[in-house]
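What follows draws every value from the coordinates through simple rules; no lab data is involved. None of the values given here were measured: they were computed from a predicted structure. Neighbour counts are summed over all protein chains in view; Cβ atoms, including those assigned to glycine, are modelled from backbone coordinates with ideal geometry.
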Ligand SMILES: Nc1ncnc2c1ncn2[C@@H]1O[C@H](COP(=O)(O)OP(=O)(O)OP(=O)(O)O)[C@@H](O)[C@H]1O
Ligand SMILES: [Mg+2]
């Protein structure tokens, strides 16, 4: 019975390998450890030749694993126990953060990657699921950042956690202004509207003294549950970089966003979003209220961007309109395309590559937009589903029925 | 208001509006034949202006007379961009014909970003604004508060001529007929023996040539160009095309003039200059929400 | 006479200057199986689109059980129990057969946030229920197809896709079923099998009313209670197939002499 197949064992016809629970967990742990080691390499290695070596060996290693039919073990295992995989990954990265606790730069990069992952997950919901283009991701990130700056400065009594949440909400609500024109217009006018919004928002911030004009605003640091982020790690435990607390916060944020994205995907919400993206007319003929799902996707995605922006603002201590450029929105779109449209997992390696490579190769830094532009063009032309294409929809991939 | 001031605003607005209309005509052409949005349009415009500038710098070394320089810049700039447009179409747009329209949009957007970055990085000192030579006669007449510059008149005239010629080309020539046929219905056009690919390439060349023209006009008018000018002009041109009604040349003209008109209004009403764009876009986006298929285009239903 | 469930009065749809439907008066009774025929471009599909809210009529009205539903949005029309298939298939090809069928069963899904995102146990039971419904339905139409439940539509043959479309329209147990050339591209045997299944379903759901657009006259003759002939957007004949087929204006329309 398909019903049993569906909830009892992994589905979708790939050749799957039966494994005991213990073995599955073991495979997951090995896989996660390997990924965390690679992550460590990307963040910690400094010399260009080292990173270059990593960049060359990694695909070769993955290819070899695939040839040796080992990759499928990892994939199967991760599908069988998605929650265990997520928790081990979070713990693995947490361990990495502790390991790197004195490395300011590595932690800063890791935090940036994680915040970009969060925004990209928002984009995944918006145009991976609901097919709604958004070229103003960085604007919504910026709205979150400015909200954080203003709210945190003016409402000392309110816990910072609440302020972060509010920043996300403000971002989602301001995005709601665009909903009517986006819904009323067909096709890709949404692209135009969001681009215009992004450009105008920047202009607006630049000429408004309330928001500090072109000079921008200073932002207070975070204090969550009595932990003043600036003081970092209790010195009893060896102290650590200023960025450590932010890295942990960003990790938790990204993990939560990931979990929510996956849950949305694996529910009727995700099904209806996919249906709206693939065929709006047919969807409507079967009772699907397309605007409802587009609005949901748009709001949730911008909420993610706003949250990430708030954490970013507190971490940088200072924000200005110039940090929220149209080019950065393109970079975020590149992450989603490079990874594989609609694949939530894929944004993690993609964000890592797009954020870290320019930092490591100083030559690239200046040319990064050019290079990523070319890469995305090639991807769209020759591998439109990205490096890790999204698979068939899956609701439950797992464990016991 | 003082009639002199009024006339001044009118003239300035017309120069702007014609430029926008030129860009919008491009969007309308591409959309007509292929139902695609070519987002790199604004950047092609910018590259056209930079090509002309580079030519000028070369010709200046040879101390060529201004009128000759200008002619060469115009011709070569337009031809180069037409060629680029056709190449873009051949290698990036047509191959993606069967994939989701979103991909075409993204690939042209990224192509625009590549052009932008290319100019910023490889044009000497490209990240800074560049002075553009004032090659048009600088004569002007003062009439009360009106300062009528001869170059404005020339630019308005040239732009309007270009649009009229495009219109005639599409209405009166064989190639124009093919373009219209393809825009109507690709299948039928093919059955009628029209070379689809060639027609589409021609359209892209035509639209991109017009973009180069508007880029050079912008340079001549403001006497300054920069690598990111195409972004805003592209977005404005697209908005103009949409508001007028994608697929209609009249719509593009109406949309372009309307946008310039709104900007002028905004400039009069708001003390902060930057708000004129915020104002214009807000109104335009509201218009789009009100009339999603544009002010002039007929509302055709998607065929089910 | 059985009560009329669906009725249109003076229904007109225009595309620019073209009247694709011209003042159509039409009636469908409960449990009736009505064949809708007419030459290419006579407005049959347009009629379905006007009924389901995809095209907005220029004038005239649509009544469902006497209630005016003219110009209502497609998703509301589905809510009233009217479902359809499309002449050119409109399945979500990158989704599985199961997903497509569940989409067809919108009405019976629970869309609470809690029930979808957080209470995954409940969601799992819902999914299981939907899967069983879908699988049962498929099995009635073709046991082989039921085995492909979890395969993407893109891996299916044309015939199977058509079957899935019919199943998607049936899974929510509609009151009115609109079939737009479901047999296009099928062999006579396959068509017969499909129609037998359909008749089986109708036997179990006697109140279901069906409109079938079809070019295959034999089929119309066999399955329909009555038929309506359209030409240039107008109804030119109506009645039993045997009567209609001998009507001179119908013959003229099909032979193209006007
Ligand atoms: N969205 C549309 N825009 C413009 N014209 C349309 C549209 N939909 C249908 N038409 C026109 O309306 C007329 C009726 O078309 P319709 O599709 O309803 O015919 P049909 O009877 O279903 O034909 P067939 O047997 O070929 O399916 C045709 O002339 C067609 O070209
Ligand atoms: Mg039809």
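Most simply put, the protein assembly as shown has about 65% antiparallel DSSP beta bridges, counting only bridges with both residues inside it.
Peptide C:102-114 is shielded by partner chain Cβ atoms: per residue, an average of 4 of them sit within 10 Å of its Cβ.
Between residue B:195 and residue A:72, the modelled labels are 5.0 nm apart [label points 7 Å from Cα along Cα→Cβ].
GNM on chain A, alpha-carbon springs under 10 angstrom: the most fluctuating residue among A:80, A:299, A:273 is A:80. Could you tell me how far the Cα centroid of segment A:285-350 sits from the Cα centroid of segment C:199-258, in Å? Between the Cα centres of segment C:199-258 and segment A:285-350 lies a distance of 53 Å.
The convex hull built on the alpha-carbon positions of segment C:23-102 has an orientation-averaged projected area of 6.7 nm². The residues A:44, B:275, C:55, when put in order of fewest to most other Cβ atoms within 10 Å, stand as A:44, B:275, C:55. Could you work out, for the protein assembly as shown, what percent of all Cα-Cα pairs fall into each 10 Å distance bin, beginning at 0 Å and stopping at the bin that holds the largest distance? The calculated distribution, bin by bin, is 2, 10, 18, 21, 20, 15, 9, 4, 1, 0, 0. Here segment C:1-36 is scanned for amide nitrogen atoms under 17 Å from the site 7 Å beyond the Cα of residue C:225 along Cα-to-Cβ, giving C:1-8, C:26-36. Label-to-label distance, residue B:143 versus residue B:188, with points set 7 angstrom from Cα along the beta-carbon direction: 4.8 nm.
With each label modelled as a point 7 angstrom along the Cα→C-beta vector, the residue A:180-residue C:238 pair spans 4.3 nm. Shielding value for A:268-274 is 6, the average number of Cβ atoms from other chains within 10 Å of each residue's Cβ.
Considering only beta bridges that DSSP places wholly inside segment C:167-258, some 50 percent are antiparallel. Counting Cβ atoms of other protein chains within 10 Å of each residue's Cβ and taking the mean over peptide B:79-86 gives 0. Subtracting the Cα-Cα distance of residue C:129 and residue C:251 from 0.36 nm times their residue separation leaves 38.9 nm of extension gain.
Where is the GNM fluctuation largest for chain A (alpha-carbon springs, 10 angstrom cutoff): A:311, A:27, A:333? Comparing A:311, A:27, A:333 in the GNM, the peak value goes to A:27. For segment A:248-284 versus segment A:166-195, the inter-centroid distance based on Cα atoms is 18 Å.
Exposure proxy for B:89, C:167, C:29: other Cβ atoms within 10 Å of each Cβ, ordered fewest to most, give C:29, C:167, B:89.
Averaging over all projection directions, the Cα-based convex hull of chain C occupies 14.9 nm² in the image plane. Only helical runs count toward this figure. For the protein assembly as shown, summing -39,500 (n - 2.57) over DSSP H runs of n ≥ 4 and dividing by all residues gives -20500 deg cm²/dmol at 222 nm. Taking the C-alpha atoms only, the angle from helix B:150-172 to the longest principal axis of chain B is near 10 degrees. The C-alpha atoms of chain B define a longest principal axis, and helix B:275-290 lies at about 30 degrees to it. Helix C:188-204 and the long axis of chain C differ in direction by around 80°, with both axes built from C-alpha atoms. Between A:108, A:331, A:26, the Gaussian network model of chain A with springs among Cα atoms under 10 angstrom shows the greatest mean-square fluctuation at A:26. Here the calculated FRET efficiency for residue B:167 and residue A:365, from their Cβ-Cβ distance with R0 = 45 Å, stands at 0.45, rounded to the nearest 0.05.
Measuring r between the beta carbons of residue A:65 and residue C:94 and using R0 = 35 Å, the FRET efficiency lands at 0.80.
Ranked by the mean number of other Cβ atoms within 10 Å of their residues, highest first, the peptides C:226-234, A:379-387 come out as C:226-234, A:379-387. So how far, in whole Å, is the C-alpha centre of segment B:88-148 from the one of segment C:76-135? Between the Cα centres of segment B:88-148 and segment C:76-135 lies a distance of 47 Å. At an R0 of 51 angstrom, the distance between the Cβ atoms of residue A:224 and residue C:76 translates into a FRET efficiency of 0.65.
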